[in-house]
Structures are given as C-alpha cells and as structure tokens.
C-alpha cells in the first residue's frame, strides 16, 4: 500500500524505466506494468487498440512497447504545419506517427518523466534521421513548454498515472494556443474505485488505481476552461481490459476512453 506521493512517482518511474531498458512487453495493463507475467504480442496489441499494420511499418519498431490504450493520433485530425505535444511520450511511438502528418513544416514535442524513455526515444529519432521531432525530460504537471505554443496535445494512457490531474489539465490549457485541442486516449473509472484499489502501487502503475472517475474528468476540464468536451469509451474497451487483466473483472470498473476538448 502507498505511504506518500513520492513513493508512487518513484515506483511508476522505475517501472517504466525497466520497460525502456529491457525494451520488453509493456501494455497499459500488460507484462511491463507488473500486472501479469503473460507475454504479449506487441503488434497484436497495437492493432487491438486502434493502430494499423501501416502504422507499425512506418515507425521504429523499438518505439512500440505496448504502453497505450488507444490511438490518439487517429482522432487528432492533425494538419500539416501544426505543433503537436505528446504527454508521456515513452519510446516515441505516437510522436513518430504525428510527425508524418504534420510534415516538415510541423513540429512534434514528446515529454516524459523517465530519463531512460527519453534516451530511447532520442535514439529512435536519431537512427531514423527525423528532424522535426524532439524529446524533453519533464513532468506533465510541469511542462517544459512555452505558453500558447502548441496546436494539439495528444497522450496515450498516461494521465491516469498523474497524482494531480487538475494540474495536468491546467498545464495543457496553458501551452495550447487559442483554438488548440486535446486528443487523448486514457483509462478512466466508470464507477468510483475503492480506497484499496486506489492505494495499491501495482494497480496504480497498471493504469487502474489512478484512473479518474469519468464525470470528475469532465468537471476538471470544464473548470480549467476547456470547451466542446467529449468523453467516449472505445467500442472494444471491455475486451481490451479483459486481455490486459484476465480474470480480475476490472472491465466492470475501468474503460479505455477517448477524451477530446478545445481551448
């Protein structure tokens, strides 16, 4: 059980550092999170959550660590020349897809709190000779990004890991330009979680314990100033959660959601 917030942050950071260093199965609730020891087919998992075979073929294979719960790039409607920010960019998978859509006149910034993930993402970018992409070390609650400098924010199964989601949304609002938009895939709670679940370090790192109740997310976004808020579960969410956490029936408590909003 949890004793303090710093313990949680360090547990999560170490967990994802291990995934980066070993380049092993991740899965929002898969082997890399320590929920299960079951091996996962990362390409199969990526297709399950919304990526295509083409997506998998045009990004560095090392960037696909199975750490997502959806495909935010697919719903972001990115345009050439836009500036995109990825919250919790991991090995850079979504960043590499986004950079293709925004083109050479656009720019993609990935932010991650785990040094080993940043190192891996930069290595992937350098090896692929990508020039319109960069990765910055930082926390999503304190973004190393200038005010009103971003057109689109994407994020994939990361905000649930934050211990201060209101601060994340405030920071997102700050760095977005007027008219900028959020395009997020995340795990959210469809009913209030028990304190036992919320205090379990492994379940927090597995994207379960820290998941926010869906209507509380809406309230937070509204209070920060976001408009046109949309919260929709993925059609195959129950099947995904069952695969990530077999036999635990968490599909009755959490779901993979698409979260959209505009500044």
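The values are calculated or read from the model by the stated rules, or taken from the named source; none is laboratory data. Nothing here was measured: the structure is a model prediction, and the numbers come from that model. We place every Cβ from the backbone using ideal geometry, glycine too, and count neighbours over all the protein chains shown.
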Legend entry - Number of positions in the range 1-17 that are part of a loop (DSSP other than H, G, I, E, B) and either surrounded by 10 or more Cβ atoms within 10 Å (Cβ to Cβ) or at pLDDT 80 or above (or both): 1
Legend entry - Subset of the range 20-39 (residues that are buried (at least 22 other Cβ atoms within 10 Å of the Cβ) and either modelled with pLDDT of 75 or more or not in a helix (DSSP H, G or I) (or both)): 26, 27, 28, 29, 30, 35
Legend entry - Identity of the residue in the range 225-241, outside any strand (DSSP E or B) and touching a strand residue (DSSP E or B) at 6+ places or on another chain (Cβ under 9 Å), that ends up farthest from residue 256 (Cα to Cα): 226
Inset, instruction - Kindly list, by first and then second residue, each pair from a residue in the range 55-77 that is at negative phi and in a loop (DSSP other than H, G, I, E, B) to a residue that is at pLDDT below 85 and surrounded by 18 or more Cβ atoms within 10 Å (Cβ to Cβ), limited to pairs with Cβ atoms under 6 Å and residues at least 6 apart or on different chains. - result: 64/42; 65/19; 65/26; 67/26; 69/28
Inset, instruction - Select, from 90, 110, the only residue that is touching a strand residue (DSSP E or B) at 6+ places or on another chain (Cβ under 8 Å), crowded, with 24+ Cβ neighbours inside 10 Å and in a strand (DSSP E or B). - result: 110
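Residue by residue, here is whether (1) part of a strand (DSSP E or B); (2) at pLDDT below 95; (3) closer than 20 Å to residue 244 by Cβ holds:
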residue: 163; (1), (2), (3): no, yes, no
residue: 168; (1), (2), (3): no, no, no
residue: 172; (1), (2), (3): no, no, no
residue: 177; (1), (2), (3): yes, no, no
residue: 218; (1), (2), (3): no, no, no
Inset, instruction - Report yes if some residue within the range 144-165 is crowded, with 16+ Cβ neighbours inside 10 Å and without any contact (Cβ under 8 Å) to a residue 40 or more places away in the chain; otherwise report no. - result: no
